[in-house]
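Structure, as structure tokens:
The values are calculated or read from the model by the stated rules, or taken from the named source; none is laboratory data. Remember, it's a predicted structure, so these values are computed and weren't measured experimentally. Ideal geometry is used to build each Cβ from the backbone, glycine not excepted, and the neighbour counts take in all protein chains shown. The protein model used for the area step is the full one, side chains on, heavy atoms only, and it has no ligands, DNA or RNA in it. Shrake-Rupley method; radii C 1.70, N 1.55, O 1.52, S 1.80 Å.
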Amino acid sequence: MDLQVLVNEYINNQLLKVDNLSTELNGNMIDRLFAKKFRKYSIDPQVRVDVEAKLNNIIDKKLPLTFVPSFGGYKHWWAPTYPTIDWAEIFNMKFMLEYLAPICANYHDNKSTIEYESEEIILSELNNVPQSGLDEYTNTFRKALEFFNKNQKVVEMKLSLAREQYKDYDFDKQKLLKRIEEMMSDYTDRFNSYDPEDQARRIQKARTNFKLNGVVDYSGLSEQEQEELYKKSRILNEAFLDADYEVRGDDFFEKENNIPLLFSFGLGPGGEAWLHIGSSKSSMTDFWAGTGILEIRENGQIIERILSRTQFENVKDKLVKVKVESPISNICTPLSYIYVYEGQLNF
């Protein structure tokens, strides 16, 4: 079969087809939440105890059931599709529906929601990326959610921004930055108390995310000056997580009917006690930090892949760019085509 025909049939007839989601629970709700096929990380047994208690409380009190996947709220600047969403986000949205639909469809006492939570408010300062790109990401993400909401009625999907929620607390970005500035001295001392290996690991995360020639061009700095920049970015991030939690932690993350979800390990209050899940059927790479492609094997099997920066660089010369015609192709240019790898990837 012609590659373009094959790809478009898969996207339109399988990936984007959500009016026939399986809603069979095959067990109880907590077993579904902790099913290994959706998790890519080991968990502390206490996490299951805590989540089960929260879920039981929601059911007993007949509260609205809200799952809160927390994520970066941006497309990483390295991605060939930056700054909008691409197929990685679509893979994740379908993954979330397949994961949670059986729970939501079998909860009859109140409404169910998947509420993605974005913390893009600080990213311009944190990673030196322009706000305009962050806004494009938010807009295209919400348009994709509109498609899924229109074509399935099992669970509502939405995106909430920290900056929008702050209005309920008479709080805004300027107050946030002021609070972070007040915290920086103590958080710098805390960072310096970490052992050197831990410091290096944390700084590496900041180095990966920071765009040297972004809002401000730092590319002319010496290597030592750049390292100090990455260190400050990391400390800023840790202070932000706690400052943000001060504002809306109890009312949002710890809200009685909210069940937070994380895709990869994150530092911050309560994060270690949250349920961590995969980003798609076959990928651990966070969807906002990767790019989505299709892997088509010799036997005709099609695998949805989210590639990290390193993975993409390793195979980019072997990728085929295929035109896509689908109901979401007009959301943004990266959804009007998809990269395809013909063969089997070894990662």
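Residue-wise test of (1) touching a Phe, Trp or Tyr at 6+ places or on another chain (Cβ under 9 Å); (2) assigned to a helix (DSSP H, G or I); (3) open to solvent by 10 Å² or more (accessible area, probe 1.4 Å); (4) under 26 Å from K143 (Cβ atoms).
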position	(1), (2), (3), (4)
M1	no, no, yes, no
K36	no, no, yes, no
K54	no, yes, yes, no
F95	yes, yes, no, yes
Y107	no, no, yes, no
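Looking at K211, K255, just one residue is assigned to a loop (DSSP other than H, G, I, E, B) and touching a Phe, Trp or Tyr at 6+ places or on another chain (Cβ under 7 Å), and that residue is K211. Applying the condition of being under 14 Å from S124 (Cβ atoms) and not charged (D, E, K, R) to region 208-217 and asking which residue is farthest from the chain's Cα centre (by Cα) yields V216. For region 38-52, give me each residue that is buried (at least 17 other Cβ atoms within 10 Å of the Cβ) and hydrophobic (A, V, I, L, M, F, W, C). F38, V51 - these are the residues of region 38-52 that are buried (at least 17 other Cβ atoms within 10 Å of the Cβ) and hydrophobic (A, V, I, L, M, F, W, C).
When T310, T291, T333 are screened for being in contact (Cβ under 8 Å) with a residue 60 or more places away in the chain and either acidic (D, E) or open to solvent by 40 Å² or more (accessible area, probe 1.4 Å) (or both), only T333 passes. Scanning region 15-33 for residues that are under 22 Å from the mean Cα position of the chain (by Cα) and either at pLDDT below 95 or surrounded by fewer than 15 Cβ atoms within 10 Å (Cβ to Cβ) (or both) yields a total of 1.
The set of residues in region 168-208 that are surrounded by 11 or more Cβ atoms within 10 Å (Cβ to Cβ), part of a loop (DSSP other than H, G, I, E, B) and not aromatic (F, W, Y) contains only D172. In region 313-330, of all residues being farther than 17 Å from W87 by Cα and among the acidic types (D, E), the one that is most open to solvent (accessible area, probe 1.4 Å) corresponds to D317. Could we say that F91 is modelled with pLDDT of 95 or more, farther than 24 Å from T310 by Cβ and either aromatic (F, W, Y) or in contact with a Leu (Cβ under 8 Å, 6 or more places away or on another chain) (or both) here? Answer is no for this residue. Taking the criterion of being of a type outside the set (F, W, Y) and either assigned to a strand (DSSP E or B) or open to solvent by 90 Å² or more (accessible area, probe 1.4 Å) (or both), the residues of region 336-347 that qualify are I338, V340, E342, Q344, N346.
Number of residues in region 194-250 that are free of Cβ contacts under 8 Å to residues at least 12 places away in the same chain and within 28 Å of D168 (Cβ to Cβ) equals 1. Taking K318 as meeting all but one of (1) free of Cβ contacts under 8 Å to residues at least 60 places away in the same chain; (2) farther than 24 Å from Q14 by Cβ; (3) among the charged types (D, E, K, R), write down the number of the exception. Every listed condition holds for K318 apart from (2).
Quick check on my filter: what residues within region 109-125 are part of a helix (DSSP H, G or I) and surrounded by fewer than 20 Cβ atoms within 10 Å (Cβ to Cβ)? Residues satisfying the conditions are S124, E125. Would you be able to say whether some residue in region 263-285 is part of a helix (DSSP H, G or I), open to solvent by less than 30 Å² (accessible area, probe 1.4 Å), touching a strand residue (DSSP E or B) at 6+ places or on another chain (Cβ under 9 Å) and more than 30 Å from D50 (Cβ to Cβ)? Scanning region 263-285, I find no residue that is part of a helix (DSSP H, G or I), open to solvent by less than 30 Å² (accessible area, probe 1.4 Å), touching a strand residue (DSSP E or B) at 6+ places or on another chain (Cβ under 9 Å) and more than 30 Å from D50 (Cβ to Cβ), so the answer is no.
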